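Report on one structure; see the data block that follows.
The values are calculated or read from the model by the stated rules, or taken from the named source; none is laboratory data. Remember, predicted model here, so these are calculated numbers, not experimental data. Glycine also receives a Cβ, built like all others from the backbone with ideal geometry; neighbour counts cover every protein chain displayed. Areas reflect the complete protein model, heavy atoms only, side chains present, ligands, DNA and RNA absent. Shrake-Rupley method; radii C 1.70, N 1.55, O 1.52, S 1.80 Å.
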Protein chains: 2
Amino acid sequence: MSSTARLAPVPPARRLKTRIGEANESRILDAALSVFARLGFAGARVDQIAEAAGMSKANLLYYFRTKEDLYRAVLTRTLDMWLEPLRELDADSDPGTALGHYIARKLEYSRLQPEASRLFAMEIMQGAPVLSCVLATDLADLVERKVRTIERWIEDGRLAPVEPHHLIFMLWATTQHYADFAAQIRTLTGKDLSDDAFFEEARQAIVTTILKGVLPRG
Amino acid sequence: MSSTARLAPVPPARRLKTRIGEANESRILDAALSVFARLGFAGARVDQIAEAAGMSKANLLYYFRTKEDLYRAVLTRTLDMWLEPLRELDADSDPGTALGHYIARKLEYSRLQPEASRLFAMEIMQGAPVLSCVLATDLADLVERKVRTIERWIEDGRLAPVEPHHLIFMLWATTQHYADFAAQIRTLTGKDLSDDAFFEEARQAIVTTILKGVLPRG
DNA sequence: GTCTATAAGCGGATAGAC
DNA sequence: GTCTATCCGCTTATAGAC
């Protein structure tokens with residue numbers, strides 16, 4: 001993966017979409033997410049992804065011309081899911097309600113899409129070679145808007161004074177941790193978020209601690 | 001890297017250590033940390049690590065017979081550094097002081113050893129193929145002891161009732177986030193922990209929020 | 001669209017001189 | 001201990017039949 005290629009935008013659709021083509025593409029993307037999340041870009045092999053998608057390697061490469069194209073497509077789709085909960089953070093709600101809801105949504109994402117969370121995390125940890133462009137535009141814009149929301153809450157005395165970026169980082173960190181470090185958590189507790197009681201315990205701990213931490217008059 | 005090989009313990013010293021041998025080994029480990037953290041195990045190339053260590057690939061392979069031996073050695077050394085702050089968490093201190101100190105120490109680690117943090121994180125995210133053994137013994141024992149410390153604080157009414165594991169996960173998550181997601185944080189804020197003011201801002205936000213969240217009577 | 005076969009090149013590891 | 005040269009397996013990607 002050359003550094004220039006890594007910055008290139010996702011190529012446009014390569015061909016007219018047929019029904020079977022759409023279905024195959026979707027199966028490939030699902031399989032690719034799973035394998036890339038487990039082994040990283042370099043560690044994943046195309047024939048492994050093809051097998052997981054139930055087709056031959058040559059056929060997979062008919063849909064995505066290169067491994068890198070495929071990686072890029074999976075990541076783009078992942079980022080879009082990743083952004084959704086933050087988009088929903090509602091400036092007009094009560095801060096406690098809005099933040100509590102956001103924590104629950106992010107934790108739900110960690111439960112339902114742990115592989116997507118890990119894939120995204122690995123991409124960022126390696127310096128976001130593919131996503132840096134999109135992070136600097138789409139994510140930065142969205143975060144800026146939410147920072148203003150938080151600032152307004154603080155000005156109105158509805159939230160204790162916290163630097164908004166750091167609050168957002170705390171929310172991301174605490175909720176994503178359960179997906180990204182699931183192996184460690186399973187080793188230490190024997191459980192993960194797929195266990196309903198454990199999910200509720202985690203949600204409760206995060207909501208209680210952070211909301212008590214940032215809401216005025218505890 | 002076969003799955004059985006991944007679980008094998010670190011091999012014993014391969015030869016008598018000479019002064020120059022020690023120095024080389026240390027330079028190799030530093031270089032390997034940097035390259036593995038940036039590209040992962042599969043993405044890193046031995047000749048790249050050798051170049052970063054200022055020697056030939058063949059010479060590096062004289063010190064570490066395989067790429068996997070080298071990876072294992074780097075990880076083991078990393079885990080040891082990673083555990084240190086938790087070992088220091090002092091049951092006899094005031095909980096607020098002890099936790100505040102722990103947050104500061106972990107954040108300091110994120111500032112000084114961001115690559116080690118990311119390497120460790122990537123290993124865990126991929127299911128801890130190499131470290132799972134050590135996590136289940138060394139880490140689990142240590143965490144168990146600290147869980148009891150936290151439980152005692154709660155029983156004594158010096159800490160609000162929080163499930164201790166989740167508190168520990170929150171502390172890990174919030175502090176490690178600044179190393180592991182540094183690329184994202186730099187994109188959004190233009191800064192990282194190497195900026196003293198930013199470090200202090202982050203420390204302050206985490207300490208204030210979490211301590212307010214878990215200490216009794218605000 | 002899907003397959004088999006193969007080209008092409010990368011990268012880990014070794015041989016053997018010095 | 002360090003080097004140069006080389007081997008060889010593995011993996012991406014293509015060619016071309018069906």
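Some points to look at:
- Taking the C-alpha atoms only, the angle from helix B:67-88 to the longest principal axis of chain B is near 20 degrees.
- Rel. contact order, % - alpha carbon contacts under 8 angstrom, at least six apart, segment B:120-218: 24
- Gyration tensor over alpha-carbon atoms, segment A:46-151, equivalent ellipsoid semi-axes in Å: 33, 16, 10
- Measuring nothing but protein heavy atoms, the accessible surface of chain A at 1.4 Å probe radius is 51 percent carbon and sulfur.
- Peptides A:175-184, B:187-196, A:105-114 ordered by average Cβ neighbours within 10 Å, highest first: A:175-184, A:105-114, B:187-196
- Normalised per residue, the accessible area of the protein assembly as shown is 43 Å², obtained with a 1.4 Å probe and no contribution from ligands, DNA or RNA.
- Pairwise burial B:A, computed as accessible area of each alone minus the pair, summed, 1.4 Å, Å²: 4400
- Since only B:ILE124, B:LEU211, B:MET81 are under comparison, the one whose Cα sits farthest along the positive direction of the charge dipole of segment B:74-214, derived from C-beta charges on Lys, Arg, Asp and Glu, is B:ILE124.
- Shown here are the Rg and Dmax of the Cα trace of segment A:12-65, at 11.0, 32 Å.
- Other-copy label distances relative to B:ARG45, 7 angstrom Cα-Cβ extension, nm: 2.0
- Nearest 10 degrees, 0 to 90: helix B:164-180 Cα axis against chain B principal axis: 50
- Degrees separating the helix A:95-112 axis from the principal Cα axis of chain A, which is the longest one: 30
- Per-residue mean of foreign Cβ neighbours for A:152-163 is 1 (Cβ atoms of other chains, 10 Å radius).
- Using distinct alpha-carbon pairs, which all enter the 1/r mean, Kirkwood radius of segment B:90-218 in Å: 15.8
- Charge tally in the Cβ shell below 14 Å around B:PRO161, where Lys, Arg are +1 and Asp, Glu are -1, B:PRO161 excluded: -1
- Shielding value for A:200-208 is 4, the average number of Cβ atoms from other chains within 10 Å of each residue's Cβ.
- In whole percents, the pair-distance distribution calculated for the protein assembly as shown from its alpha-carbon pairs, binned every 10 Å from zero, is 4, 20, 30, 26, 14, 5, 1.
- Test item: B:119-125 mean partner chain Cβ contacts at 10 Å: 6
- The Cα-based radius of gyration of chain B, divided by its Kirkwood radius, gives an Rg/Rh of 1.02.
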